[in-house]
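Read through the structure below, which is laid out as structure tokens, and then see the notes.
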Amino acid sequence: MTKALISIDYTEDFVADQGKLTAGAPAQAISEAIDQVTRLAFDRGYYVFFTIDAHEEGDDFHPESKLFPPHNIIGTSGRNLYGELADFYQAHASDSRVFWMDKRHYSAFSGTDLDIRLRERRVDTVILTGVLTDICVLHTAIDAYNLGYQIEVVKPAVASIWPENHQFALGHFKNTLGAKLLDENLDEIKE
Ligand code: ZN
């Protein structure tokens, strides 16, 4: 079994108090856990893919332009990773197992070559972390399911601004997409 951790949108714009589309406190609360599990996955020899929203200023053709305020604009600090995770990326950016991918839509598979890179490396299991549980993480999980990957979601390393949506998504991962939910040690949570 070959695994990759997919780190989704844990950026200043989605997490920091001053972020352009911030989830605020719930997203900040996972800062330590997302850093810990990313380091753990890397230390275990898994691949680590940072898949990060990338928008262009004034791109009226993008469907999100009618849904959300501008965020994660290319060239702005809003796209920087938040907290300790930024330090991890800086220290390991040149490692052959660490990737940065600009994504076009919610899913990590939209507008990226993530699927190709995973298949080249015979990755069959994706471990999902990041924000928001019910938007970008959920859309990534659904694409991963349709593409035939085994899915694992680190429960303490995903967050949403809406508690009920967060709970719905966790249930959907497990009951509809057949995902395993993992704890901060990447062990399966048995409920
Ligand atoms: Zn976006």
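The values are calculated or read from the model by the stated rules, or taken from the named source; none is laboratory data. Predicted model only: the values in this text are computed from it and were never measured. FYI the Cβ positions are ideal-geometry reconstructions off the backbone, even for glycines, and counts take in every protein chain you see.
Quick notes on this structure:
- Qualifying residue in the range 23-36 (condition: of a type outside the set (A, V, I, L, M, F, W, C), at pLDDT 95 or above and within 11 Å of the ligand (Cβ to nearest atom)): no
- Residue in the range 51-64 that is in contact with a strand residue (DSSP E or B) (Cβ under 8 Å, 6 or more places away or on another chain), within 12 Å of the ligand (Cβ to nearest atom) and in a helix (DSSP H, G or I) present: yes
- Residue, surrounded by the most Cβ atoms within 10 Å (Cβ to Cβ), within the range 84-125, restricted to residues that are part of a loop (DSSP other than H, G, I, E, B), under 12 Å from the mean Cα position of the chain (by Cα) and free of Cβ contacts under 8 Å to residues at least 60 places away in the same chain: 109
- Residues that are surrounded by fewer than 19 Cβ atoms within 10 Å (Cβ to Cβ) and either under 17 Å from residue 3 (Cβ atoms) or touching a residue at least 60 places away in the same chain (Cβ under 8 Å) (or both) within the range 167-179 comprise 177, 178, listed in sequence order.
- The residue that is nearest to the chain's Cα centre (by Cα), counting only those in the range 153-191 that are within 20 Å of residue 40 (Cβ to Cβ) and of a type in the set (D, E, K, R), is 155.
- Scanning the range 1-47 for residues that are in a strand (DSSP E or B) and among the basic types (Lys, Arg) yields one hit, 3.
- Test: residue in the range 87-108 that is out of contact with any helix residue (DSSP H, G or I) (no Cβ under 9 Å at 6 or more places or on another chain), within 16 Å of the ligand (Cβ to nearest atom) and of a type outside the set (S, T, N, Q): yes
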